[in-house]
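Have a look at the structure below before the remarks.
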Amino acid sequence: MLLRKGLFVAEFYSKIVENCKDIHTELEKVSQSYGLDMNDLWFDLIKVHTLTRSEPHGEFKILDAEGLKQIDDDAFYENPALEVIQRYDICIKRRLFKYFFNLEASPDDNQLYVVYESPFMIINDEWLLGELCDHIEACMAYQKIILRQMQAQHTFFKQEMVRYSNKKELPERICIRKSHYSPNKAGSFTFVLKKSWELKNGEEAPVNAIYGAGKGDVVLEYVKPIQGTSGRDLKGQIKEVEKLEAVPFELDFSNEAFVSNEEPTKIIYISKSPQYVAFINNKSLKSFTRNQYVEMKNTNMPMFLGGVENGLTLHISSKNEIDNAIETNLRIEAKEIYIRGNVGKHVKLVAKKIIIEGQLHTESSAEAEEVLITNNKGLCKGKKVQCKYVDRGTIFAESCEVEASSGSQIYAKDIKLKQIKSNNTFYFSSKCEFEAIDGSDNKFCFSAFASPENKEILEQTKQAMNVYKEKAQKVMAQYQKLSIFVQKNQPTIDKIRNADITTRKVLIEQDAIKQIYYDFMDCLKRVKILHMYISRIQELNRQFLERLVSIESSMQQVKVHTNGPWTAFNTIIYARTYTKGSKSLTTEKGETADYILDTQSGDVKKISRYQHITSF
């Protein structure tokens with residue numbers, strides 16, 4: 001017995017409800033009667049009754065097997081004179097298991113989607129796919145969506161699951177059903193430049209932004225109004241769609257900057273030349289072709305986004321040697337960016353090529369295929385990065401050349417320096433060469449993940465591993481919950497199994513034992529499903545680790561070379577995370593030696609300059 005609000009309430013086992021009109025209401029009744037949370041209840045869909053009538057005030061009649069075949073026929077089903085409803089026989093019970101997806105209908109109830117929890121793992125197993133289809137049917141009944149043509153729907157769903165099981169990227173949702181009815185769609189604009197930028201960057205664009213475009217780029221798209229279709233929605237309701245009236249629209253744009261191209265279903269607007277573009281109030285396209293600026297400030301400038309591939313080249317300068325060329329809180333993207341003067345705080349520069357004749361603030365960044373900068377205190381990313389000074393800055397590059405570095409971090413395949421001060425950390429996967437060192441406490445790290453390509457793989461893989469770790473924790477929480485239930489009720493199940501036929505029959509007729517038995521059998525099925533998910537996660541983690549081990553094991557012919565003598569207290573490190581442990585050596589003052597990676601032993605070795613020369 002359970003005590004709730006001073007009253008004794010019988011413990012809930014299960015409840016059969018026949019001819020149920022609203023499943024949500026029935027679950028709510030049980031929730032209130034037994035003091036249970038709605039989220040702890042679910043149901044088995046035992047039987048579906050389909051009823052029809054042809055007269056507005058006539059009696060609904062249950063369809064037999066032949067009648068159900070007619071419901072699957074579109075011509076019969078779409079008859080406006082026909083009314084269709086469904087009722088359900090269900091068994092309400094405690095929820096022992098929750099699938100990792102939801103079922104969502106579109107706002108107009110004309111499309112049905114399976115929406116996956118991220119990350120969604122597809123396991124290509126016929127039995128499991130059948131279980132998913134059964135759950136989809138239950139969810140459809142819960143949402144009062146008419147169940148018809150289910151075999152075709154399940155076949156399509158399974159085909160989609162199999163198709164996506166071989167792909168790396170999965171969609172967030174899959175449409176598994178569309179009604180004959182579709183609503184009217186008004187004409188709409190899509191600012192293609194903005195949408196493309198948001199998709200590429202995975203973030204919402206700032207409000208005050210203009211967008212770069214090159215010659216021939218599609219800037220804006222107008223999708224013409226679409227006439228809907230009358231018919232039944234997913235819930236079987238007849239929806240009448242009115243005739244869509246042609247509504248003219250006006251768009252203000254310069255024929256010198258843009259050209260329009262009309263197609264049967266849309267009108268596209270194309271850039272005639274490199275420029276920045278703004279789409280204002282769904283009424284006008286504005287072109288910006290100015291490419292020279294003095295002292296950019298966020299108070300008088302928008303964000304310059306996109307145009308990296310084929311947009312404008314920007315020239316930005318300061319008023320004098322004291323003021324910044326770019327002040328704070330700006331994002332500037334272009335094909336090429338040339339700056340004379342310093343770059344202030346919270347500025348992000350993105351281009352194919354960036355040249356800064358000045359200083360980059362410690363909280364700002366420059367990202368391009370080629371970056372040339374006088375003084376880097378911030379973050380530089382590129383295939384090729386050249387800096388005169390790096391003062392506590394960070395660099396990620398394929399190849400990097402620096403005249404003098406102090407307190408900085410550099411990640412690159414190849415690093416070339418003239419002078420090294422103190423407290424630097426260099427990560428490289430091929431070679432690090434420098435002319436002179438006059439500081440100490442520097443770290444030279446042999447790392448397979450120093451190059452941009454491998455570092456990106458590392459970050460993506462670690463992120464995926466963390467995501468699947470969270471997924472595994474969720475799965476294990478359900479698995480442990482079910483395992484506790486199995487252990488708790490195993491004695492009762494053993495008692496039933498070991499009893500003779502007469503005793504077993506008597507036991508099964510007891511409501512409490514009957515429910516334990518059916519829940520136990522259902523629980524074993526859910527445990528099997530969760531075990532499949534756990535095995536899949538383990539397989540994915542194994543693949544992730546194999547990929548990282550392969551990269552780390554492939555590093556060869558790595559060395560540190562200096563033209564002058566070493567100072568004391570610098571550290572040479574072979575940084576390994578996924579293979580054998582890291583190793584390190586410490587330099588001695590005055591020694592003249594190179595440090596190389598011995599591919600046979602996997603150790604870092606010191607080669608004296610004389611020995612190194614005579615070995616060739």
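Readers should treat all values here as calculations from the given coordinates under stated rules, not as data from a laboratory. As the structure is a computational prediction, the values presented were derived from the model and not from experiment. Positions of Cβ are backbone-derived with ideal geometry, glycine not excepted, and every protein chain shown enters the neighbour counts.
Between the Cα long axis of helix 150-165 and the first principal axis of the chain there is an angle of about 20°, rounded to the nearest 10.
Think of it as helices only: each DSSP H run of n ≥ 4 in the chain is worth -39500 (n - 2.57), and spread over all residues that comes to -9500 deg cm²/dmol at 222 nm. One equal scatterer on each Cα of the range 13-178, no solvent, Debye formula: the resulting log10 I(q)/I(0) at q = 0.09, 0.10, 0.11, 0.16 Å⁻¹ is -0.36, -0.45, -0.54, -1.07.
For the chain, what is the convex hull (Cα atoms) projected area averaged across all directions, in square nanometres? Orientation-averaged projected area of the Cα hull: 42.7 nm². Our estimate of slack between LYS525 and ASP511, defined as 0.36 nm per intervening residue step minus the Cα-Cα distance, is 2.9 nm.
With all pairs of different C-alpha atoms in the average, the Kirkwood value for the hydrodynamic radius of the range 114-251 is 19.0 Å. Protection proxy ranking for 176-185, 455-464, using the average of other Cβ atoms within 10 Å per residue and placing the highest first: 176-185, 455-464. Given a cut-off of 24 Å, what percent of all Cα-Cα pairs of the range 188-288 lie beyond it? In whole percent, the long-distance tail amounts to 37. Around the Cα centre of the range 13-178, unit charges on the Cβ atoms of Lys, Arg, Asp and Glu (plus for the first two, minus for the last two) sum to a dipole of about 340 debye.
Arranged from fewest to most other beta-carbon atoms within 10 Å of their beta carbon, THR52, THR313, THR299, THR599 become THR299, THR599, THR313, THR52.
Here the range 188-288 is treated with +1 on each Lys and Arg Cβ and -1 on each Asp and Glu Cβ, and its dipole about the Cα centre works out to around 160 debye.
Working value for the range 500-609: equivalent-ellipsoid semi-axes of 67, 13, 9 Å, each the square root of 5 times a Cα gyration tensor eigenvalue, largest first. Computed over the range 34-100, the range of Cα coordinates on each principal axis works out to 43, 27, 19 Å, biggest value leading.
Projecting label points 7 angstrom from Cα along Cα→Cβ for LYS605 and HIS49 puts them 8.6 nm apart. The charge dipole of the chain, taken about its Cα centre with unit charges on the Cβ atoms of Lys, Arg (+1), Asp and Glu (-1) only, comes to about 1480 debye. When the charge dipole of the chain is built from unit charges on Cβ atoms (+1 for Lys and Arg, -1 for Asp and Glu) and taken about the Cα centre, the candidate among SER399, LEU524, GLN556 whose Cα reaches farthest toward its positive end is GLN556. Estimated from the Cβ-Cβ distance and a Förster radius of 51 angstrom, the FRET efficiency linking ARG392 and ILE238 is about 0.15. Model label points for GLU370 and GLN538, set 7 angstrom from Cα along the Cα-to-Cβ axis, are 5.3 nm apart. Of the options VAL241, TYR595, GLN515, report the single residue whose Cα projects farthest towards the positive end of the charge dipole of the chain (beta-carbon charges: Lys, Arg +1; Asp, Glu -1). Positive-end residue among those listed: TYR595.
The residue among PHE449, GLN386, GLY67 whose Cα reaches farthest toward the positive pole of the charge dipole of the chain, with charges on the beta-carbon of Lys, Arg, Asp and Glu, is PHE449. Between the Cα long axis of helix 23-34 and the first principal axis of the chain there is an angle of about 90°, rounded to the nearest 10. With the simple spin-label model, which puts each label point 7 Å out from Cα in the Cβ direction, the ASP89 to GLU321 separation comes to 9.3 nm. Taking every lysine pair in the range 188-288 that is 8 or more places apart or spans two chains, those with Cα atoms closer than 16 Å amount to 8. Across the alpha-carbon set of the range 255-401, the Rg to Rh ratio works out to 1.06, Rh being the Kirkwood radius.
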